[in-house]
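One structure below.
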Amino acid sequence: MHGNRRQKGISTILVSVFMIAVIIVGLGAVSWGLNVQNKQGQVIKERTVIETDLNRERIELRDVSVVGSKFNMTLVNTGMLPVKIVRAWVTNTTDTNGWHKQYDNLNKLINPGGALTNFGQDLPLIAKTDKSYEIKVVTERGTTAIFKIAGGSDAKLHVRLMASQATIPTGQRITITMLVMHNNTLADAVVNIEPETLNITPNPGGSLNTATLVGSVNPAKYSSIIYGSTRSFTWVYEINGQNNTQFNVQGQLKESKSNIASVDFYTRTVSFASSDYATNAGVLWLNYTTFQFTQDTGQWKTGWDLAANKNTTLKIDFINNNKTHALWVSKFSAFVFDRVGTANDYAFYITNITNPGTPDPTITAYTCPNPAPNDYCLKINSSDAGNNKVTVHFGAKNEQTTELNKIGPINRYQGYILMFGKFCPQNDPKSCNGIQYGQNLPFIAIEVV
Amino acid sequence: MNVDSLPTVRTRDHIRFRRKKLGIGTVVSSVIMVAAVAMLGSVVLIWANSSLNVEKTRIANDYANNTNTLRESFIIEDVWLSTSPANYVNLTIRNVGDIAVKIKEVNVTSLKSDGTLACTGSPPCTQKINPSNSVIESKQSLMIAVASIKWYDPTPGNINSLDITITTERGSIEKMFWKVR
């Protein structure tokens with residue numbers, strides 16, 4: 001019995017020892033495995049962070065110029081992390097076997113949102129404005145940013161010319177603007193933007209039609225234009241030309257960097273002579289020299305001296321300068337005289353016919369009931385239709401009556417004509433809807449004696 | 001063996017002698033059994049531990065390789081197609097990781113615009129090299145020249161791009177397409 005117990009005790013001890021050993025070994029293995037897994041997870045995490053950081057780096061070209069035969073670039077960090085530029089590659093892409101150089105150990109730091117200016121000034125290379133280059137910068141994390149800078153005629157820009165006015169009076173100045181738009185995807189920037197002198201051709205030619213540059217183009221040039229942006233140049237010219245002279249303006253950028261743009265404008269002679277005053281100053285023209293009046297003498301008289309307190313009728317010629325539309329004259333049109341120094345005025349309404357006579361002239365009321373409406377009895381043709389000059393009579397005391405009106409007592413008067421009407425297409429009847437029109441045609445001065 | 005089951009010769013001396021004899025045998029056999037079990041157990045334990053250590057070492061190596069492969073990071077920083085000397089492609093590789101990498105193989109293939117091999121003949125349109133001295137330390141770069149590869153064809157579109165594949169000693173692969181101007 002004792003031996004049996006001893007054997008069992010030893011076995012138990014042995015089993016226990018082995019179990020403990022197995023457990024220790026097993027736990028060690030499990031612990032080691034977990035540790036390995038943890039380390040691997042850590043490496044994966046680090047790798048993920050690196051990859052994420054790489055995607056958060058972004059460098060953009062904000063400006064570039066060639067200063068002292070070296071690039072002068074402004075780079076902006078638009079990413080979310082500080083970047084360190086460690087290397088740059090510059091390639092001459094214009095020449096067939098253009099050079100390709102690397103520049104090491106740059107170590108240029110740019111904070112997020114920050115800019116690196118004058119980049120390229122310390123690179124030992126000679127940059128020319130008539131050559132194109134590809135500049136690649138490499139960051140410490142491995143991001144590369146490539147900027148294509150075009151010079152010479154390698155990249156075409158789009159230009160557009162605009163004139164400040166489509167028509168210009170002779171002797172006036174006009175501003176010509178050249179808009180330069182960079183929408184060429186082949187280049188991130190184009191350097192040395194300078195316009196050619198504008199070529200202005202008048203038609204018809206001749207010494208009477210001239211365009212003289214006032215000052216110089218403003219600005220003279222731009223150092224560069226970045227993709228997606230716009231620049232403008234302006235010229236001011238003094239234009240002299242005969243009426244309706246066409247001026248064709250053509251312009252482009254130097255070194256054939258752009259298309260040839262074109263714009264036209266026309267000269268218009270502006271004068272205040274009786275023959276063309278209305279052309280430039282209003283639709284209806286009043287021919288002052290045709291002004292006449294009649295009172296009690298049975299005759300039409302010219303001049304400005306009217307007899308006081310007498311029935312008076314007046315007439316004057318109108319010309320309609322509307323090219324396409326006739327003017328139908330309203331019954332409210334009147335010749336009005338204001339007596340100087342008083343509040344008195346005297347309105348002589350439009351009449352159909354006025355006949356001089358003694359002791360008074362006779363008038364026909366400004367009525368025309370058939371066809372309706374009983375208004376717009378007088379038509380002044382459009383200028384294209386011809387016969388657009390009409391003598392208009394005034395004399396009625398009220399609209400559409402035959403009662404004569406008297407001029408006032410002795411004094412000086414200033415007169416003006418209130419013309420009302422409507423413009424309708426030349427061949428439309430007087431019932432047309434038309435465009436309502438009113439014009440005050442000054443000034444006639446008379447003296448009542 | 002149970003002593004009680006032995007034949008019954010019931011003399012006092014005989015019984016005493018027999019008991020003495022039986023006690024020694026039991027002890028001896030017990031000792032032998034215990035020793036055998038302990039020895040066998042120890043052998044098994046040592047073998048298991050040894051095997052585990054070997055396996056741990058293997059796994060540790062695999063782990064080290066895998067994590068180092070994961071930590072490898074490099075870019076093809078620049079590709080320059082050289083005409084002098086002709087038919088050269090110069091690759092600049094930058095190690096942007098924090099451990100050194102060793103370039104084991106560089107494979108360059110000229111492709112048409114439809115992605116098929118651009119040519120056959122000489123010089124070939126595909127070239128594979130195993131560069132020597134190709135260890136790139138962390139944050140450093142190395143230029144590798146791939147010679148005798150046709151990358152230019154006067155007919156537009158005949159060679160549209162280069163398919164570049166770089167493989168490291170640890171098995172990392174960097175692949176890029178470079179458009180030929």
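Select from the stretch B:87-116 the residues that are in a loop (DSSP other than H, G, I, E, B) and more than 12 Å from chain A (Cβ to nearest Cβ) and write down the one among them that is nearest to A:ASP104 (Cα to Cα). Among those that are in a loop (DSSP other than H, G, I, E, B) and more than 12 Å from chain A (Cβ to nearest Cβ), it is B:ALA100.
Would you check which residues across the stretch B:83-97 are without any contact (Cβ under 8 Å) to a residue 60 or more places away in the chain and either of a type in the set (S, T, N, Q) or crowded, with 19+ Cβ neighbours inside 10 Å (or both) and list them? Please lay out each step first, then the result.
We begin by selecting, within the stretch B:83-97, every residue without any contact (Cβ under 8 Å) to a residue 60 or more places away in the chain; these are B:84, B:86, B:90, B:92, B:94-97.
Result: B:SER84, B:ASN90, B:THR92, B:ARG94, B:ASN95, B:VAL96, B:GLY97.
Quick check on the stretch B:51-76: of everything there that is under 15 Å from the mean Cα position of the chain (by Cα) and of a type in the set (A, V, I, L, M), which residue is farthest from A:ARG141 (Cα to Cα)? It comes out as B:ILE59.
Just one of (1) within 14 Å of another protein chain (Cβ to nearest Cβ); (2) more than 37 Å from the chain's Cα centre (by Cα) fails for A:THR94. It is (2).
For the structure I just gave you, tell me whether B:SER84 is within 14 Å of chain A (Cβ to nearest Cβ) and touching a Lys or Arg at 6+ places or on another chain (Cβ under 6 Å). Taking the combined requirement at face value, the residue does not satisfy it. Residues in the stretch A:200-213 that are closer than 21 Å to A:LYS254 by Cα and in contact (Cβ under 8 Å) with a residue 40 or more places away in the chain: A:ILE200, A:THR201.
Do the conditions hold for B:ILE159, that is, is it in a strand (DSSP E or B) and crowded, with 18+ Cβ neighbours inside 10 Å? Even if it seems obvious, please write down each step before you answer.
Details: in a strand (DSSP E or B): no; crowded, with 18+ Cβ neighbours inside 10 Å: yes.
When the stated conditions are applied, B:ILE159 does not pass them.
Pairing residues of the stretch A:285-307 that are assigned by TED's automatic domain parsing to the domain that holds A:GLY438 with residues that are among the small types (Gly, Ala, Ser) and surrounded by 14 or more Cβ atoms within 10 Å (Cβ to Cβ), at Cβ distances under 6 Å and at least 6 apart in sequence or on separate chains, gives A:TRP285/A:ALA278; A:GLN295/A:ALA307; A:GLY298/A:GLY357.
For A:THR367, all conditions in the list (1) over 17 Å from A:LYS310 (Cα atoms); (2) assigned to a strand (DSSP E or B) hold save one; what is the number of the exception? Unmet condition: (2).
Can you say whether A:SER11 is more than 10 Å from chain B (Cβ to nearest Cβ) and either surrounded by 14 or more Cβ atoms within 10 Å (Cβ to Cβ) or in a helix (DSSP H, G or I) (or both), as far as the supplied structure shows? If you could, list the steps in order and put the result at the bottom.
Working: more than 10 Å from chain B (Cβ to nearest Cβ): no; either surrounded by 14 or more Cβ atoms within 10 Å (Cβ to Cβ) or in a helix (DSSP H, G or I) (or both): yes.
Judged against the criteria, A:SER11 is not a match.
The sole residue among A:LYS70, A:LYS131, A:LYS101 that is in contact with a Phe, Trp or Tyr (Cβ under 9 Å, 6 or more places away or on another chain) and basic (Lys, Arg) is A:LYS101.
Does A:LEU81 satisfy the condition of being more than 9 Å from every other protein chain (Cβ to nearest Cβ), touching a helix residue (DSSP H, G or I) at 6+ places or on another chain (Cβ under 7 Å) and surrounded by 15 or more Cβ atoms within 10 Å (Cβ to Cβ)?
Details: more than 9 Å from every other protein chain (Cβ to nearest Cβ): yes; touching a helix residue (DSSP H, G or I) at 6+ places or on another chain (Cβ under 7 Å): yes; surrounded by 15 or more Cβ atoms within 10 Å (Cβ to Cβ): yes.
Taking the combined requirement at face value, the residue satisfies it.
Looking across the stretch A:134-176, the residues that are in contact (Cβ under 8 Å) with a residue 60 or more places away in the chain, buried (at least 17 other Cβ atoms within 10 Å of the Cβ) and hydroxyl-bearing (Ser, Thr, Tyr) come down to A:THR139, A:THR143, A:THR170. Applying the condition of being within 13 Å of another protein chain (Cβ to nearest Cβ) and acidic (Asp, Glu) to the stretch A:50-65 and asking which residue is surrounded by the fewest Cβ atoms within 10 Å (Cβ to Cβ) yields A:GLU51.
Against the numbered list (1) surrounded by fewer than 18 Cβ atoms within 10 Å (Cβ to Cβ); (2) under 23 Å from B:PRO85 (Cβ atoms); (3) within 14 Å of chain A (Cβ to nearest Cβ), B:ASN133 comes up short only at (3). For the stretch B:146-169, the set of residues classified as touching a Phe, Trp or Tyr at 6+ places or on another chain (Cβ under 7 Å), under 25 Å from A:THR139 (Cα atoms) and touching a residue at least 60 places away in the same chain (Cβ under 8 Å) consists of B:LEU162, B:ILE164, listed by residue number. Looking at this structure, is B:ASN133 over 28 Å from B:TYR152 (Cβ atoms) and in a helix (DSSP H, G or I)? Against the criterion (over 28 Å from B:TYR152 (Cβ atoms) and in a helix (DSSP H, G or I)), B:ASN133 does not qualify. Could you tell me whether A:THR117 is away from every other protein chain (no Cβ under 11 Å), surrounded by fewer than 15 Cβ atoms within 10 Å (Cβ to Cβ) and among the hydroxyl-bearing types (Ser, Thr, Tyr)? Here the answer is yes, as A:THR117 does meet what is asked.
When you check A:ASN388 against the structure, is it surrounded by 20 or more Cβ atoms within 10 Å (Cβ to Cβ) and farther than 24 Å from A:LEU284 by Cα, yes or no? For A:ASN388, the condition - surrounded by 20 or more Cβ atoms within 10 Å (Cβ to Cβ) and farther than 24 Å from A:LEU284 by Cα - is not met. What residue, of A:VAL86, A:VAL36, A:VAL30, is without any contact (Cβ under 8 Å) to a residue 40 or more places away in the chain, among the β-branched types (Val, Ile, Thr) and at the interface with another protein chain (Cβ under 10 Å from one of its Cβ atoms)? Selected residue: A:VAL36, the only one of A:VAL86, A:VAL36, A:VAL30 that is without any contact (Cβ under 8 Å) to a residue 40 or more places away in the chain, among the β-branched types (Val, Ile, Thr) and at the interface with another protein chain (Cβ under 10 Å from one of its Cβ atoms).
Of all residues in the stretch A:370-396, those that are free of Cβ contacts under 8 Å to residues at least 24 places away in the same chain have Cβ atoms under 8 Å from Cβ atoms of residues that are assigned to a loop (DSSP other than H, G, I, E, B), 6 or more apart or on another chain, in A:ASN387/A:ASN381.
Return a yes/no flag: does the stretch B:36-50 have any residue that is under 22 Å from the mean Cα position of the chain (by Cα) and outside the structural domain of B:LEU162 (by TED's automatic domain parsing).
Going residue by residue through the stretch B:36-50, those that are under 22 Å from the mean Cα position of the chain (by Cα) are B:50.
Keeping just the survivors that are outside the structural domain of B:LEU162 (by TED's automatic domain parsing) gives B:50.
Yes, the stretch B:36-50 contains at least one residue that is under 22 Å from the mean Cα position of the chain (by Cα) and outside the structural domain of B:LEU162 (by TED's automatic domain parsing).
Could you tell me which of the residues B:LYS139, B:LYS128 is assigned to a loop (DSSP other than H, G, I, E, B), basic (Lys, Arg) and either surrounded by fewer than 16 Cβ atoms within 10 Å (Cβ to Cβ) or out of contact with any strand residue (DSSP E or B) (no Cβ under 9 Å at 6 or more places or on another chain) (or both)?
Working: B:LYS128 fails: assigned to a loop (DSSP other than H, G, I, E, B).
Of the residues listed, the single one that is assigned to a loop (DSSP other than H, G, I, E, B), basic (Lys, Arg) and either surrounded by fewer than 16 Cβ atoms within 10 Å (Cβ to Cβ) or out of contact with any strand residue (DSSP E or B) (no Cβ under 9 Å at 6 or more places or on another chain) (or both) is B:LYS139.
If you scan the stretch B:89-117, which residues turn out to be closer than 30 Å to A:VAL49 by Cβ and over 23 Å from the mean Cα position of the chain (by Cα)? If the condition is that a residue be closer than 30 Å to A:VAL49 by Cβ and over 23 Å from the mean Cα position of the chain (by Cα), then B:LEU91, B:THR92, B:ILE93, B:ARG94 are the ones that fit. If you go through the stretch B:36-81 and keep only what is buried (at least 16 other Cβ atoms within 10 Å of the Cβ), more than 24 Å from B:SER148 (Cβ to Cβ) and more than 9 Å from every other protein chain (Cβ to nearest Cβ), you end up with B:THR69, B:GLU72.
Residue by residue, here is whether (1) over 27 Å from A:THR289 (Cα atoms); (2) at pLDDT below 80; (3) touching a Lys or Arg at 6+ places or on another chain (Cβ under 8 Å); (4) in a strand (DSSP E or B) holds:
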{"position": "A:HIS393", "(1), (2), (3), (4)": "no, no, yes, yes"}
{"position": "A:THR401", "(1), (2), (3), (4)": "yes, no, no, no"}
{"position": "A:GLY421", "(1), (2), (3), (4)": "no, no, no, yes"}
{"position": "A:ASP428", "(1), (2), (3), (4)": "yes, no, no, no"}
{"position": "A:TYR437", "(1), (2), (3), (4)": "no, no, yes, yes"}
{"position": "A:PRO442", "(1), (2), (3), (4)": "no, yes, no, yes"}
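The values are calculated or read from the model by the stated rules, or taken from the named source; none is laboratory data. From a predicted model like this one, the values you see are computed outputs, not experimental measurements. Glycine gets a Cβ as well: all are built from the backbone with ideal geometry, and neighbour counts include every protein chain shown.
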